[in-house]
Amino acid sequence: MIIGKDQAQRYARHFVLKEIGAAGQKKLLQSKVLVIGAGALGSASIIYLAAAGVGTIGIADYDTVEISNLQRQVIHRKDRTGMKKTASAELSVKELDPDINVCRHDEMITPDNIGGIISGYDFVIDCTDRFETKFLINDACVISKKPYCHAGVVRFEGQAMTYVPDKGPCLRCLLGGVPSPEDTVTCAEAGVLGAVTGIIGSVQALEAIKYILGAGELLTGRVFTIDGLGMNTKVTSIPHPDPGCSVCGNSPSIMSVMDNRKEYEIRSCSL
Amino acid sequence: MIIINGNELDVSGKTVSQYLREANYTTARVAVEINGDIVPKSEYDEVVLNDGDTVEIVSFVGGG
Ligand SMILES: [Zn+2]
């Protein structure tokens with residue numbers, strides 16, 4: 001591919017970075033990243049992927065824009081309430097750069113469709129808002145050997161971690177399984193601040209970009225955490241997968257997400 | 001002494017479960033690593049913290 005004059009100007013600040021340059025920019029323009037969830041984390045992830053010139057961005061969400069989303073889901077706009085989040089996110093991407101190819105997946109991610117949806121992408125970003133879906137994404141990515149970036153945010157806290165096949169633990173190594181509803185709170189119940197989701201969503205976009213470029217050190221075998229209120233950040237090194245992990249371990253019991261569908265059913269009730 | 005998240009604590013002899021409960025962690029949402037290895041959830045009741053152990057505990061949240 002040839003980088004045109006417009007693109008040379010648009011990515012001038014990338015060209016001077018030794019980790020990107022013209023060759024890295026071509027990689028980004030030819031890459032395909034799937035963002036599951038066009039909410040708060042997704043807003044930051046999607047817009048920074050688009051700005052960086054990730055050529056194809058998949059956006060999966062089944063929800064519509066509501067006015068209560070706008071204090072943190074900065075990719076959406078007041079005049080788009082009632083619109084599919086995927087359509088609203090696509091509009092924002094196209095305003096920033098009409099050359100970015102957006103693939104909309106206007107459906108709920110399920111054990112039946114996730115394999116087909118993630119298969120066309122180089123990297124997956126989990127921007128969903130529940131542990132049930134986060135484990136579905138984790139297991140599907142482990143089983144299809146797809147690198148992905150996990151994250152979660154509630155109140156002023158959040159975490160992010162990147163899974164790369166055979167390079168470090170998966171979410172299930174760390175947590176075992178989906179926590180029960182009594183042990184979790186959702187953003188609707190506990191609240192969440194947009195600026196914190198922006199930090200974590202940006203970390204996720206950065207991980208995808210580093211993966212595509214082969215630059216720097218990913219959050220594989222490491223968990224990034226932030227407490228935005230105390231402004232404490234930390235990277236905890238957890239390098240070794242759990243050999244007994246039921247999806248990525250030595251003798252996994254979860255061989256297909258379809259056979260494990262019960263665990264991904266939403267058990268908590270909230271918005 | 002045991003080093004937990006960088007702090008020296010006098011909690012040797014306690015199981016992982018006991019320590020997590022006393023320190024008000026939500027067991028289902030933490031990852032525990034002792035001396036570089038993940039402790040599986042199924043072993044929290046049996047694994048005992050010993051003098052000289054280095055422990056990392058990371059809490060996860062599920063929103064997005
Ligand atoms: Zn695992």
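Considering each of A:I209, A:I137 in turn, give the residue that is more than 16 Å from the ligand (Cβ to nearest atom) and either in contact (Cβ under 8 Å) with a residue 60 or more places away in the chain or β-branched (V, I, T) (or both).
Just a single option satisfies the conditions, and that option is A:I209.
Suppose we filter region B:12-42 for residues that are assigned to a loop (DSSP other than H, G, I, E, B), within 12 Å of chain A (Cβ to nearest Cβ) and more than 15 Å from A:G176 (Cα to Cα); how many remain?
Here is the first cut: in region B:12-42, the residues assigned to a loop (DSSP other than H, G, I, E, B) are B:12-14, B:23-26, B:35-36, B:39-40.
Applying the additional criterion that residues be within 12 Å of chain A (Cβ to nearest Cβ) yields B:25-26, B:35-36, B:39-40.
Keeping just the survivors that are more than 15 Å from A:G176 (Cα to Cα) gives B:25, B:35-36.
Selection size over region B:12-42: 3.
So A:S246 passes all but one of these: (1) free of Cβ contacts under 8 Å to residues at least 24 places away in the same chain; (2) within 12 Å of chain B (Cβ to nearest Cβ); (3) in a loop (DSSP other than H, G, I, E, B). Which condition number does it fail?
Only one criterion is unmet by A:S246, namely (1).
For region A:161-200, what are the residues that are part of a helix (DSSP H, G or I), within 9 Å of another protein chain (Cβ to nearest Cβ) and in contact with a helix residue (DSSP H, G or I) (Cβ under 9 Å, 6 or more places away or on another chain)?
Result: A:L171, A:L175, A:E182, A:D183, A:C187, A:A188, A:T197, A:I200.
Quickly run through region A:1-48 and pick out the residues that are modelled with pLDDT under 95 and in a loop (DSSP other than H, G, I, E, B).
Answer for region A:1-48, where residues must be modelled with pLDDT under 95 and in a loop (DSSP other than H, G, I, E, B): A:M1, A:I2, A:I3, A:G4.
In region A:249-271, which residue that is more than 11 Å from the ligand (Cβ to nearest atom), within 14 Å of chain B (Cβ to nearest Cβ) and at pLDDT 95 or above is least open to solvent (accessible area, probe 1.4 Å)?
Checking each candidate, the answer is A:Y264.
If you check A:A52, A:A38, which single one turns out to be in contact (Cβ under 8 Å) with a residue 60 or more places away in the chain and touching an Asp or Glu at 6+ places or on another chain (Cβ under 7 Å)?
Result: A:A38 is the single residue among A:A52, A:A38 that is in contact (Cβ under 8 Å) with a residue 60 or more places away in the chain and touching an Asp or Glu at 6+ places or on another chain (Cβ under 7 Å).
The values are calculated or read from the model by the stated rules, or taken from the named source; none is laboratory data. Nothing here was measured: the structure is a model prediction, and the numbers come from that model. All Cβ positions, even for glycine, are placed from backbone atoms using ideal geometry, and neighbour counts span all protein chains on display. Surface accessibility is based on the protein's heavy atoms, side chains included, excluding ligands, DNA and RNA. Shrake-Rupley method; radii C 1.70, N 1.55, O 1.52, S 1.80 Å.
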